[in-house]
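Throughout, read-outs are computed from the coordinates displayed, never taken from laboratory work. Bear in mind the structure is a predicted one, so any value in this text is a computation, not a measurement. No Cβ is skipped: glycine too gets one built from the backbone with ideal geometry, and neighbour counts run over all protein chains shown.
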Amino acid sequence: MPLLENPASPSPPARLRRPRRWLWAPLLLALAAPATLAQPTPPPEPDFAKEAERAESSGRVLRVAPEHQTHLTVRGAERVRVDAPDVAQVSLGEPDQVMVQGLRQGSAELLVWRKGARPLRLRVEVAK
């Protein structure tokens, strides 16, 4: 008598012998859902040089020391952008307030978009 004996097992019911294609449906739905629910990517930011060309120059130079900040008032300021984010960081504060923080020595161009007017361009110098 052999040590392992495989007794004859009853054959499974016919419904279990069919291929189980339906078992893949939840997996396919789980993989496809993120692609269908993904948000469209926003359009890329316009090139800084193109925006600066059409901006109105203020002729003003804003000086700030590294690791210090200053603010200026620009009537109707809506949005700000700097061409050298490693030199200076800018943000909008209170209404019409533009906050400029010097990060390291250097110079940068700052653009301030205003309501109903062309963007304003000014130079930021970060030096001790």
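Can you tally the net charge around residue 96? Count Lys and Arg as +1, Asp and Glu as -1, for every other residue whose Cβ sits under 15 Å from the Cβ of residue 96. The answer is +2.
Three principal axis extents describe the C-alpha atoms of the stretch 48-126; from largest down they are 33, 27, 18 Å.
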